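*Asks:* Sharing a structure below in structure tokens format, with a few things to ask.
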Amino acid sequence: MYGVGGIGKTTLAKAIYNRIFRHFDGSCFLSNVRSEAEAPSNGLVKLQQKLLRQILKNKDFEINNVAEGIKLFKTRFESKKVLIVLDDLDHMRQLHSLARDRSWFGSGSLIIITTRDEHLLCGLRANER
């Protein structure tokens, strides 16, 4: 979903999430990705940790860098049907660090993205929109 700020993208994504999250093996709503990713001291790594912890219901994940987080996603999520909302993305590296490839996730997984930048979504293949 894309559009100017304040039109209800986050509200709509949250409503969809709340309605369907029970149909997945794990779910996570990452809000304010734009500001969280830019936070000092490894914001993207902290977002990856939050994603792992919420989907796997495990507090013991410690990630040192983005590449390590990606490796964990590939091994831990590949057989899980997950629902992930990435709210307020503003850079492709955020997407690449959190949900770059559909093969990271099990069949039936759903990734919802909200952004103010239509061009972030234009790079996705048609079946990923």
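The values are calculated or read from the model by the stated rules, or taken from the named source; none is laboratory data. The structure displayed is predicted, hence computed values, not measured ones. We place every Cβ from the backbone using ideal geometry, glycine too, and count neighbours over all the protein chains shown. Only protein heavy atoms, including side chains, enter the accessible area calculation; ligands, DNA and RNA are left aside. Shrake-Rupley method; radii C 1.70, N 1.55, O 1.52, S 1.80 Å.
*Asks:* Quick one: count up the residues across the stretch 21-43 that are among the acidic types (D, E) and either open to solvent by less than 30 Å² (accessible area, probe 1.4 Å) or out of contact with any Leu (no Cβ under 8 Å at 6 or more places or on another chain) (or both). Don't jump to the end; show me each part of the working.
*Replies:* First, the residues of the stretch 21-43 that are among the acidic types (D, E): 25, 36, 38.
Remaining after also requiring either open to solvent by less than 30 Å² (accessible area, probe 1.4 Å) or out of contact with any Leu (no Cβ under 8 Å at 6 or more places or on another chain) (or both): 25, 38.
Counting residues in the stretch 21-43 that are among the acidic types (D, E) and either open to solvent by less than 30 Å² (accessible area, probe 1.4 Å) or out of contact with any Leu (no Cβ under 8 Å at 6 or more places or on another chain) (or both) gives 2.
*Asks:* Looking only at residues in the stretch 2-20 that are in contact (Cβ under 8 Å) with a residue 12 or more places away in the chain and of a type in the set (S, T, Y), which one is least open to solvent (accessible area, probe 1.4 Å)?
*Replies:* The qualifying residue least open to solvent (accessible area, probe 1.4 Å) is Y17.
*Asks:* For the stretch 77-108, which residues satisfy the criterion of being within 19 Å of R22 (Cα to Cα) and open to solvent by 20 Å² or more (accessible area, probe 1.4 Å)?
*Replies:* Initially, the stretch 77-108 is screened for residues within 19 Å of R22 (Cα to Cα), giving 77-86, 105-108.
If the condition is that a residue be within 19 Å of R22 (Cα to Cα) and open to solvent by 20 Å² or more (accessible area, probe 1.4 Å), then E78, S79, K80, K81, S107, G108 are the ones that fit.
*Asks:* Next up: Going by what's in this entry, would R53 be described as in contact (Cβ under 8 Å) with a residue 12 or more places away in the chain and among the basic types (K, R)? Can you show your working first?
*Replies:* Working: in contact (Cβ under 8 Å) with a residue 12 or more places away in the chain: no; among the basic types (K, R): yes.
Taking the combined requirement at face value, the residue does not satisfy it.
*Asks:* Could you check the stretch 1-91 for helices (runs of 4 or more DSSP H) lying wholly inside it with 1 or more residues that are over 18 Å from I113 (Cα atoms) and modelled with pLDDT of 90 or more?
*Replies:* Details: elements: 9-20, 33-37, 43-56, 66-77.
Per the criteria, 43-56, 66-77.
*Asks:* Name the residues in the stretch 44-71 that are crowded, with 17+ Cβ neighbours inside 10 Å and within 12 Å of S97 (Cα to Cα), would you?
*Replies:* L44, V45, L47, Q48, Q49, L51, V66, G69, I70 - these are the residues of the stretch 44-71 that are crowded, with 17+ Cβ neighbours inside 10 Å and within 12 Å of S97 (Cα to Cα).
*Asks:* Report, by residue number, each residue of the stretch 14-56 that is basic (K, R) and either within 12 Å of the chain's Cα centre (by Cα) or over 20 Å from S107 (Cα atoms) (or both).
*Replies:* Within the stretch 14-56, K14, R34, K46, K50, R53 qualify.
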